[in-house]
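The values are calculated or read from the model by the stated rules, or taken from the named source; none is laboratory data. All figures in this text were calculated on a predicted structure; none of them were measured in a lab. For neighbour counting, all protein chains shown are included, and Cβ atoms are generated from backbone atoms with ideal geometry for every residue, glycine included. Accessible surface areas use protein heavy atoms only, side chains included; no ligands, DNA or RNA. Shrake-Rupley method; radii C 1.70, N 1.55, O 1.52, S 1.80 Å.
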Amino acid sequence: MSSDFGPHSPQWFSRIEAPERVESPDHVTWDVITDFAVVGYGGAGISAALQAAQDGLKVLAVDAFGGGGATAMNGGIFYAGGGTSIQRTAGVTDSVEAMYRYLSLEVQEVVSAQTLRRFCEGSVADVEWLQGHGVRFDSTYYPKKTFYPPSGYFLYHSDSSLAETCAAVAKPAPRGHKYWHPPVNQAVGFGVHLTEPLQHQAHLRGVAFWPRTEARRLVLCASGEVIGLVVIRMPPDSPHTQAYIHAQEKARQLLQKLPSSMPGFARLERKAERYWREADELQRQHGIVQRIRATRGVCLSAGGFIWNRQMLASHAPKYTSNMAMGSPGGDNGSGIRLGQSVGAEAALMERVSSWRFINPPAQWPKGILVNSQGQRFVNEELYGAAIGFEMNEHQQGKGYIILDRTLYRGAWKAAVRENLFPFMRLPLVLALLFQTRKARTLEGLCKKLGMPAASLLDAVAHYNRAAGGAEPDAFGKSRSECHALSDAPFYAVDVSASSTLFPCSAMTVGGLRVDEGSGQVLRADGTRITGLYAAGRTAIGLPSNLYVSGLSAADCVFSGRRAARHASSQTNREPASNDHGISVTP
Ligand SMILES: Cc1cc2nc3c(=O)[nH]c(=O)nc-3n(C[C@H](O)[C@H](O)[C@H](O)COP(=O)(O)OP(=O)(O)OC[C@H]3O[C@@H](n4cnc5c(N)ncnc54)[C@H](O)[C@@H]3O)c2cc1C
């Protein structure tokens, strides 16, 4: 992306406007003066706000919706290790070194080795910080491989660390910490057990929060420093704001009724569009423009851009048929565009973490996953994001799980009898019922799929030899996970990215480049933009290469706190000289 990319560019696809350029802070009539302004009150924003308040700063956070973001909607997994109190109570051992060595495989070069080490070294303390602010975990341990623990379990292997290839590098340990919650059978939304206690603590420490307030532009002074921002705030306690909330929430509900890959979604999208337009009109008529001075900096923590379909098509076209995982309306790329509007560099914008989970049922990864040419392409026992990456990036999004009769029957048994959450059971049953082809021979299966038989026969022959111990598995799959495909009939389950009934979810992981020591946003030439920070999915972070469950939430806490700590350590910058000036809504 060229350095003059900005709101005037045809590919901007955002309502973020060019910055307001002023000579100095004294040349602006500010509505509010604060120390630290937070844009987006989800996982990263709440962590930043709370840490800044703890460090003695005056904080004002704004959110275009009600706060919580994708973090509140999520599955409630937090990646932590190195010997957390939860791991110790569960009787499992872990070390910072093992965590670091394992994560090095996933994170690669996307952050520096020092940053990854700092993250691992601070993991125990991050969990304690969360616990100290009322977030509850639980040590009930689920030892088997699964992408998500069954109801009643709160500690599990939320990554690929149990695979032999990974275990050879680092001793595995369960690092997926799920926030404790009472027994419920909901699909997602467990993230509120993180956001609500933190929000409550932030409120107690004086963090002012303006919901239904959209950041539109930054204020830049002649020195190149970001000194504040311009927001449009819906007035609290106004009937127009109630109507605005109603319209926003109706649109979001419609978009969450069905996975975006399913038939019928386009109709919901059209209906939602009407509500978005209604909300925009209310904001245009009744929204109040406010200029916020932030003496210690602005933190951009407004999520990613998976719900901005134009931005997605422009930056990451391979992922437009995946199911969008994020906050509808919230993950619209505005945090990234705010940074770019003042010359920040965005990177890895083509990177999307797509989750092709195939376990449960435990029988599926014992089969083989092949592309449209019948060629195997991945170790099927890996975590779903590693499989999704291979499938989307290198196999045109196509994937078929090849099973024999034993595995197929076992999968049905698991689908019917196992203790699965509905969001796991339903797509599994639908895929087995409607996306599975069957034939008495592998050649017959290829014919039905329009797949060259020679490559599938070759893949199965090698795999069966590996299962029998005659040769190592071509993709390094653990011997215990290899099952000879010999018991006819044979089955092919279509698990392609575009699968309508077995959706392959995705979230963006590219964003603003930041200085890894401070969280300050960087320009393309590597210089820091004074006064501007980024955190969570607005920034490049630990999950920007390969996500494992819980790593995004953990990175939000890590990067949010990092930005706040740096802002509060800047003693040479002037402190907020008045209170928040106008009434604030908790
Ligand atoms: C269903 C689901 C399950 C998931 N499960 C997990 C999991 O178990 N573990 C895990 O680690 N990750 C999980 N993820 C991913 C994870 O939730 C997100 O990557 C992470 O929460 C992003 O946090 P964030 O703080 O960057 O953004 P968010 O939490 O989305 O917060 C961003 C906020 O910014 C606001 N905003 C946007 N634009 C503006 C603007 N212009 N002005 C003001 N406010 C704005 C939004 O309204 C939003 O509230 C899941 C995601 C989904 C959708």
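Summary table below
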| item | result |
| --- | --- |
| Filter result (in a loop (DSSP other than H, G, I, E, B) and open to solvent by 30 Å² or more (accessible area, probe 1.4 Å)) within region 459-488 | Gly468, Gly469, Ala470, Glu471, Pro472, Ala474, Phe475, His483, Ala484, Ser486, Asp487, Ala488 |
| Pick from region 163-179, criterion open to solvent by 50 Å² or more (accessible area, probe 1.4 Å) and at pLDDT below 95, ranking: nearest to the ligand (Cβ to nearest atom) | Thr165 |
| Strands (runs of 3 or more DSSP E) wholly inside region 4-83 containing at least 2 residues that are away from the ligand (no atom under 15 Å from the Cβ) and more than 23 Å from the chain's Cα centre (by Cα) | 20-22, 32-39 |
| Filter pass, Gln87 being more than 11 Å from the ligand (Cβ to nearest atom) and under 15 Å from Leu155 (Cα atoms) | yes |
| Looking only at region 343-369, and only at residues there that are in a strand (DSSP E or B) and β-branched (Val, Ile, Thr), the one that is farthest from the chain's Cα centre (by Cα) | Ile368 |
| Residue among Val192, Val184 that is in contact with a Gly (Cβ under 9 Å, 6 or more places away or on another chain) and open to solvent by 10 Å² or more (accessible area, probe 1.4 Å) | Val192 |
| Spans of strands (runs of 3 or more DSSP E) in region 175-240 with at least 3 residues within 16 Å of Val32 (Cβ to Cβ) | 208-210, 213-221, 226-233 |
| Residues located in region 3-60, provided they are aromatic (Phe, Trp, Tyr) and not assigned by TED's automatic domain parsing to the domain that holds Leu338 | Phe5, Trp12, Phe13 |
| Residue ID - surrounded by the fewest Cβ atoms within 10 Å (Cβ to Cβ), chosen from residues in region 304-342 that are among the β-branched types (Val, Ile, Thr) and not in a helix (DSSP H, G or I) | Thr320 |
| Selection from region 135-173 of residues that are in contact with a strand residue (DSSP E or B) (Cβ under 9 Å, 6 or more places away or on another chain) and not in a loop (DSSP other than H, G, I, E, B) | Tyr141, Tyr142, Leu155, Tyr156 |
| Those residues of region 199-222 which are under 24 Å from the mean Cα position of the chain (by Cα), open to solvent by less than 10 Å² (accessible area, probe 1.4 Å) and more than 11 Å from the ligand (Cβ to nearest atom), in sequence order | Ala202 |
| Test for Gln256: is it open to solvent by 30 Å² or more (accessible area, probe 1.4 Å) and not hydroxyl-bearing (Ser, Thr, Tyr) | yes |
| Only listed residue being surrounded by fewer than 18 Cβ atoms within 10 Å (Cβ to Cβ) and under 31 Å from the mean Cα position of the chain (by Cα), chosen from Ser496, Ser518 | Ser518 |
| Residues of region 199-219 satisfying the condition of being in contact with a Gly (Cβ under 9 Å, 6 or more places away or on another chain) and not polar (S, T, N, Q) | His200, Phe209, Pro211, Arg212, Glu214, Ala215, Leu218, Val219 |
| Pairs where the first residue, in region 329-350, is β-branched (Val, Ile, Thr) and the second is away from the ligand (no atom under 13 Å from the Cβ) and not in a helix (DSSP H, G or I), C-beta under 7 Å, 6+ apart | Ile336/Ala346; Val342/Pro19; Val342/Leu220; Val342/Val226; Val342/Ile529; Val342/Leu532 |
| Given (1) farther than 16 Å from Val557 by Cα; (2) surrounded by fewer than 21 Cβ atoms within 10 Å (Cβ to Cβ); (3) assigned by TED's automatic domain parsing to the domain that holds Arg537, number of the condition Asp63 does not satisfy | (2) |
| Contacts under 7 angstrom Cβ, first residue in region 436-448 being small (Gly, Ala, Ser), partner modelled with pLDDT of 95 or more, 6 or more apart | Ala439/Leu445; Ala439/Lys448; Ala439/Pro489; Ala439/Phe490 |
| Val416 being within 16 Å of the ligand (Cβ to nearest atom), open to solvent by 10 Å² or more (accessible area, probe 1.4 Å) and more than 19 Å from the chain's Cα centre (by Cα) | no |
